[in-house]
Each structure stands twice: as C-alpha cells, then as structure tokens.
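The structure appears below as structure tokens.
Read the figures in this text as sums done on the coordinates, not as results from a lab. Since we're looking at a predicted model, the values are computed, not measured. Backbone-built Cβ (ideal geometry, glycine too); neighbour counts: all protein chains shown.
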Amino acid sequence: MRNIQTPGCGMTRRSLLANAGMAALGAGLLPRVGKAVEAPSTPVALARCRSYDAELLPTLTKMFDQMGGLGRLVKDKTVAAKVNLTGNPDSRLGFIPIGCTTWTHPAVIAATVHLLGRAGARRIRILESPWQSAEPVQEFMTAAGWNSGMFTSAAANVEFENTNFLGYGKRYIRFPVPHGGLLFPAFDLNHSYADCDVFVSIGKMKEHQTAGITLSMKNCFGITPCTIYGDGAPEDEPGLVPLGGRFPIHAGSRQPSKCSPPEIDLKSPRQGGYRVPRCVADLVAARPVHLAIIDGIESQTGGEGIGLDTRHVTPHVLVAGTNTVCVDAVGTAVMGFDPMADRGTAPFEFCDSTLRLAEELGVGTRDLKRIEVIGERIADVVFDYRKAGFPIQRTVPAHDWLATPPRKG
Amino acid sequence: MVPFRWPSAWSEPALLRLFAGSPINCLLFESLSGAKAVVDAARAAGFTALEWSELGAGPLAQVKWDSPAPQTVITGLVWPRIKMSAHGLGDVDAGPTGAPWIDSNSWVARLAAVRAPHRPVWLGFELGNDHTIAGSASYIIAVADSAASGAQWMVTLDDNLREGLPAGNANALKTWHSILDALAFFEKHRQWAAWDRWGSIGILSSFAGKDEFMGQEMLNLAARRNLLYRVLDRSFPASCKLEGLPAVLYADSDPPSAELKAQLAAFARPGGLLIVPRALAALFQGEKTVPCSVAGYELRSFGRGSVAAATRDWDDPYFLAADVHNLVGRRNDPLTLFNAASLWRHYSVNPDSRAALLQLVAFASRPNESVSVAPARPFRSAAMYTIGRGAPVPLEPVKVEGRMELHLPAFSFYTALEVRS
C-alpha cells in the first residue's frame, strides 16, 4: 500500500493540498479535534432550479461563477467526481427514473462534467462503487437506462472507474485520517482517489435511515472498497471483486481485511448510528472534498433506498461549494433541519451528526452564522422533508438491532 | 400434447370429469394395466394414455438424445420458486448480488431443446416437503417457468390436490382451475414456442463430463442474471450457430476441434467478442492489447473483433456469469427493465423479425407493480398478455427521459409483452 501522506513511499503525485481555499490539509496545519469553532468556512452557492432541462446548465454555471469560477480549481488538473448511484440500478420508485429519486441525476453529472471541461480540467474521472459489484460504472449506468455517452461527450477525456475494488490500479492507496480518526485511523482506497488533483462529491439530497441525512459527505461513504471493507472480504488480503455491501462498517460485525488498518476502538458501539457518521467524517477528513454539489432538484423522502415510506419530492434546489461540511450544512437547512442539531433531534433521532463530527475534525463549519450563502436565501427555498414525506414512525434502523457484539482483542 | 401424471390413488374413471374442457390431453400412468378402467375410459374420451416406464424419463445426464422417442422427458428437476431462507418463514435467500435466489428449470429446457431440437421437452418435478404453501401461485409459476422456456411441465399434483380434488374440496378445485387456466393460456399461444430465442451471448460447451458443472451452471446463472443467451452445444455441431451473436463464451477447458476453432476465429474477426478460459488464451492470441474494464481478463483485438482471455482459472460459475455479462455489456440488450428483480425474462423474435416477445415469469407472491420496459429499438405497437384475461391489453408508450417506455399494469406470476415494429 502506498501511503498518501508518507513521503518516500513512491508518492510523486500531485499535491493534495491545492485548491478551493480549503484550510491547509497537511496534518500539522489542521485544527485540533474538538476545535469546531476554528473549522474553516467557505461560501456556499444556493440556487433554485425547477428542472433538469435547459435551465440546469446556466444555473450551475452561475453558481460556480458565484463561487469564484471553476477555472482556479480545475484548470489543467485531473478531476475525480464521485457520484451517488446507490442501490440497484433497475429499481424505481413507481415509474419514476432513479435519477429523480435516489441517484444523482445524469443531467447534473453531465452539466458538471461539461463545466469542469470548459474550465480547463485535463481529465475527468467519474467514480462510483456500484453496490456489491465490480462491473464497469458505464454498465451500471446502462442498467439504469442511462447512456454513458452523455458524459463522455460532455467534455474531453472523460473516464469511468468502479472504485469498489482495485479497478485499473495496481494497488490500494492508504489515506490516513488527520489526528488519528474517529472510527478508522486510515482507509485503503482505489487509486483514483489519489490519482487526482481535485476531488468532487456530487451527492443527492436525501434522508438516510442510519445517518439521518445523506448529502455530499455521506456520498463519500461509498468510496470504501468492499473488497476490503465489505461482507465477504477475505480475512487477510483484499478480495479480487466485492462480494457484499458495507454492512461490516454499519454494524462492526467484522474488521477490514488485515492488510488494512482495523478500527480504532473495537469496544466502541456496534450501532450504525454511531459508526456510519464517524466513518463518513473520517473519510472526508482523509480524502478531502474540493468541490461539493448537492442535487436537490428532485429527490425522495423517507430514506436512501426505495421503500414503502419513500415519496418523490421536488425541492427544486442545487447547492454547491468548496467545503463539504458547509455545503451539507446549507443542504440540511434547506431540508428543514437544523444543521446544529445532534443525536436525539431530527434528522439525527438515532444517530450522531456527521456534520458535527466532521466539524470537530476540522473539515469545515456547520454553523450557518459562519457560512456565507450566495444566491438564494435558505429561508426562500426551504423544503421541509418531514412535512413532505409520509408520516412514518421513526425507529432505530433494524440492522442496528442485528449488530453483533464487538470482537475481542 | 399436454401431459398430466395421473395419481396412482385415483381409480375412479369419473375423475376424468376434472379434465372436461381442459387442454390436458395426455395422461401418464405408472401402470396402464393397473389403472385399466381409467385408461379405457380416458382413451374412449380421446385422451392419450401412456405408461411412465415407456417414456424414457430420467435425469438430464441420463437422457438418450438420439432416442426415437416422440418427446424428451427429463425428471429430477427443481420446483420453480424463490428459494426461502433457512432463517425462517418469510425470509428469502439472496444470491451474492442481493437479488433473490430463484430456482428455475429454464436452462434445462433450453439445453434439451438444442440437443433434440424436433422433440417436445417434458419436465418432471413436484413439490418438496419444504414447500409449505402449494396454492395456485406455486402451480401457475410451475406451468409458466416451463412454458416460457418452450417446454411442458408434466402436471404433478401434491398431496392436498390428490386428496382434495376427488373429494370436491373448494380450495383444491380453485387451485386446479388455476392450473388449467395457465395451461390453456400457453396452449392458445403455442406459436410463441417456435419463435427464435435471442441472446447477446452464445454459451458454448459440451455441458457434459468434466465440463458439465461449469457449462450447466453457466446457463443457470446467466438466466439468473437475466443475461439473454443462446445455447451452443459442442457435442451437437448443428446447434453451433454463431450468426447474429455479439459474443461467444467458450466455457470448456479443453481445446475446440480444428473446425470449431476456425469457426470461432471466423466469428471474432469481423467484430465478434470471443471469451476463452486461461488455458486456451494461446489458441486465440489476437493482436493488440485493449484496455479491459473487467478484472481477471486480458482483452486483445482480433481483426475487427476481440478476444477476452481469462487471466485466472474459472472456478466459480457465478463469477464467470458476472464477468461474461460485464464483458458483453448491456448495450446489446434488446430492452431494459425496471422494478423487475424477481422476474425472469425470456426473449424471442418471430421468424420474420417484425415482432418480439418478452415473457416475464414472476416468482414473487406479491403482484408486480410499476414494472417498466424500455425496448432498445423503435416499435409500432405493444400488447400485454396475462393468464386468465382473454384479450391482450394494448399498451401506449410513455416518453421517459427521451426514450419510449412501456409501463406495465400490475400483474401476478406471468405476463407476455408482444412488441411489433
């Protein structure tokens, strides 16, 4: 394994420290854990967008301009864009296309790719770890009825990679979590998360059964390869292909393959509501997001997957910025929740707040008083997910009850 | 013929009344002499009566393909169903993809049809002891799984029906009429069985000897992935028709004959994709290495086509099926389905290629709602057929994200979609 922050391990790649006005990413320059007040803040662009049609591209263009333009971020750079294609590609809520409910809409991906290319990106890699699968991302898209040509024709040098396994890489790359991490001290990830200058997270505005909400940060939960972190990962070395999902991270039912760092505290709670937010916070600290985009034009309430409690909704918003915590804080507020809320309060009734944890890791602030919102005012575009959704009884996610006791030793 | 296995305990000729107006016209007896009264009455009523021992029935591996028998009779098969979990009632076993684990005899029927192309295929299976619910649904699915595969199930009753029907039990009669309705539906549409099975991959194997497990499981698991395939049996050269296939998997580890090798090379050169095991990589070396997005394969150009050679030995047919699906790609699929995880698809085209038939066998007990179908090619009309409904329902296309889709009304167990261009 190469260690992305350890010199002398064959790491001659570009700096991860550039771009986006992020606070310095070197471990020594990060705020100390718990110093939330010092967490950085960058402006967040918020726009109303009523459809995925012609108005989408100009809206995104304007948002990126409001943020200072994409050119300063991506010109002559390799960009990796993690999109949110969670679950089965052929599942729909009724007859509604999956991009209008659970997945990042293809038009948002294509428009972003186009604008990245127009801003001078040298290469754009679209990344996802399709559920329990090593199939090419393009194939996964085809199964959803998408034409991956709409992305390759949106800009020059567009590539795809399934990051749920080794993919095109020769080895996994180690990403230490600054300050040691909350759940894991480091992650071993597909090479694409290292072989880029700029990392973009394009999430979907959704509620989440385990983590309360899923926006640009939770989108990064899917960068963990199931060949190491998933059900069926071999005991010692990474598997050739993923054999299962990320239940072990949710439940702590087992540790990653021994080649990769185990979690920090094997006696910590084996509850998804404790573990998933910490894992996500660790991930966005270890693999910083330089550009975060939330597709909230159309979505669904009631959770990430399609079920009886889900309802198609149309918040008609887009959120974007260079700090993933700030972007998600604004997104949380747009959904009708208080980004300062914590366990016990909606949307975190049964989980810890990923926003708080990432803030405490110094990734960014969730305090709206410290975030400059450009474009629309939050109050003007709030779309209350709980009011719009079915009145469901919220209970501890079933899989938390299934969690097995921690391993000894 | 539509066969029915006459229960040994049924000795009353009067029970033939159950078959009045039904499509069942062939009764299979354990012993003709032992059921003489019934046999005589049946023959007098126009039924064909056959003795089981004369059918040459046996498990797939024991079938004599060159037998002069008028039909191929295969027994020892599985009851088609979603496999229930050992964890408890209501749980469903899932495969490595998370998709429900489905038992089906489709692949057996397809293989048999290739090996003995001019003989009807009769399949034999009955409810096991672990099958706690044997209502109409189980029987309709049993009929449909066989018929959609071009075969005929030899209707075999469970204990409840064997005892309940002679006694006039209302529930038993209800289930019985469901079985007859399903049989009648497929008899009415018998012409569909003659339509050509379409596939994006030809699966080439001897399906026997040391290649039996990998070859047969590949057929089974390809269907489980809804990867449409054509069976190509090395032992039956007439079946090795490669025309029109985008890709061919050579699944066996021993080399093909010189003639077959030349045929495969001639298939790949103009643009086909040939997938071969590691042991045969040297036989089809190809030219330039091409980037391959599927782990465990080296892809090389081969004329205008390509050869994907495994870089490791195949030991698990499930992963081989997944690899093959990824190598072939979905771009060749004639249609895309949504909300169809527990549906098995059977796709065929009529001889003039102006109509295509998509048959969906639904293994879940709940109704299938919000299933949509997006044909890859333009079409002029579409009609949906369901068991028990007389006339087909015309479907109006719906434009979704720039392409035409068909949104199917809710259905249970089975539907057929005839699309005309």
How large is the charge dipole for the stretch B:335-420, taken about the Cα centre, if only the Cβ atoms of Lys, Arg (+1) and Asp, Glu (-1) carry charge, to the nearest 20 debye? 120 debye
Compute a Gaussian network model of chain A, connecting alpha carbons closer than 10 Å, and tell me which residue from A:H290, A:H208, A:H105 fluctuates the most. A:H208
Pick from A:L357, A:L60, A:L93 the residue whose mean-square fluctuation is largest in a GNM of chain A, springs joining Cα atoms under 10 Å. A:L93
By average Cβ neighbour count within 10 Å, what is the ranking of B:207-215, A:43-51, A:251-259 from highest down? A:43-51, A:251-259, B:207-215
Which residue, B:S235, B:P317, B:I203, has the largest displacement toward the positive end of the dipole of the stretch B:199-332 when charges sit on each Cβ (Lys, Arg +1; Asp, Glu -1)? B:I203
Pseudo-spin-label distance A:K170 to B:D40, built 7 Å along Cα→Cβ, given in nm, is 8.7 nm
What full-extension length gain, to one decimal in nm, is calculated for B:S253 and B:R225 as 0.36 nm per residue of separation minus the Cα-Cα distance? 7.8 nm
Charge dipole magnitude, Cβ of K and R +1, D and E -1 - the stretch B:184-324, Cα centre, debye nearest 20: 460 debye
Would you please report the Å³ per residue occupied by the convex hull of the alpha carbon atoms in the stretch B:355-421? 84 Å³
Taking neighbour Cβ counts within 10 Å as the exposure measure, how do B:S365, B:S53, A:S192 sort from fewest upward? B:S53, B:S365, A:S192
Output the relative contact order of chain B, whole-number percent, from Cα pairs under 8 angstrom with separation of 6+ residues. 12 percent
The answer for B:L335, listing residues at least 5 apart or on another chain whose modeled amide H is closer than 5 Å to its amide H, is B:A376
J(HN,Hα) series, the stretch A:68-74, from Karplus relation 6.51 cos²θ - 1.76 cosθ + 1.60, nearest Hz, glycine and proline x: x, x, 7, x, 5, 8, 10
Using amide H atoms built 1.01 Å from N in the peptide plane, name the residues 5+ places from A:D295, or on other chains, whose amide H lies under 5 Å from its own. A:G203, A:K204, A:M205
Fewest first, what order do B:Y229, B:Y318 take by the number of other Cβ atoms within 10 Å? B:Y318, B:Y229
Count, for each residue of B:328-341, the Cβ atoms from other chains sitting within 10 Å of its Cβ, then give me the mean as a whole number. 4
In the Gaussian network model of chain A, springs joining C-alpha atoms below 10 Å, which of A:P269, A:P391, A:P242 carries the largest mean-square fluctuation? A:P391
Listed with the fewest Cβ neighbours within 10 Å leading, B:I201, B:I387 appear as B:I387, B:I201
Which FRET efficiency value, to the nearest 0.05, do you get for A:D236 and B:A391 by plugging their Cβ-Cβ distance into 1/(1 + (r/R0)^6) with R0 = 60 Å? 0.45
Based on Cα positions only, what radius of gyration and what Dmax would you give for the stretch B:266-421, in angstroms? 19.5, 57
Cα atoms only, the protein assembly as shown: Rg and Dmax in Å? 29.4, 96
Pairwise label distance in nanometres, B:A9 with A:F95, each label 7 Å out on the Cα-Cβ vector: 4.9 nm
Treating only the Cβ of Lys, Arg, Asp and Glu as charged (+1, +1, -1, -1), what charge dipole size does the protein assembly as shown show about its Cα centre? Round to the nearest 20 debye. 1640 debye
Sort A:312-319, B:270-277 for me by packing, meaning the mean count of neighbouring Cβ atoms within 10 Å per residue, highest on top. A:312-319, B:270-277
Sorted by average packing, counted as other Cβ atoms within 10 angstrom per residue and highest first, what order do B:297-304, B:118-125 take? B:118-125, B:297-304
So what J values fall out for the stretch B:216-229 if you push phi through Karplus, 6.51 cos²θ - 1.76 cosθ + 1.60 with θ = phi - 60°, rounded to Hz, Gly and Pro as x? 5, 5, 4, 4, 4, 7, 4, 5, 4, 8, 6, 8, 6, 9
Could you give me the ³J(HN,Hα) list for the stretch A:235-247, computed from phi with Karplus coefficients 6.51, -1.76, 1.60 and θ = phi - 60°, whole Hz, x at Gly and Pro? 4, 9, 10, x, x, 6, 9, x, 10, x, x, 9, 4
Per residue of A:162-173, other chain Cβ atoms within 10 Å number on average 1
A student applying the Cα gyration tensor rule (rounded when a/c is under 1.5; otherwise prolate if a/b is larger than b/c, oblate if not) would label the stretch B:199-332 rounded
Cβ neighbours within 10 Å from other chains - mean over B:20-27: 0
Pull up all non-local amide H partners of B:G202: gap of 5 or more, or a different chain, and H-to-H distance under 5 Å with H placed in the peptide plane. B:R230, B:A247, B:V248, B:L249
Extent along principal axes [Cα atoms of chain B; Å; largest to smallest]: 73, 49, 48
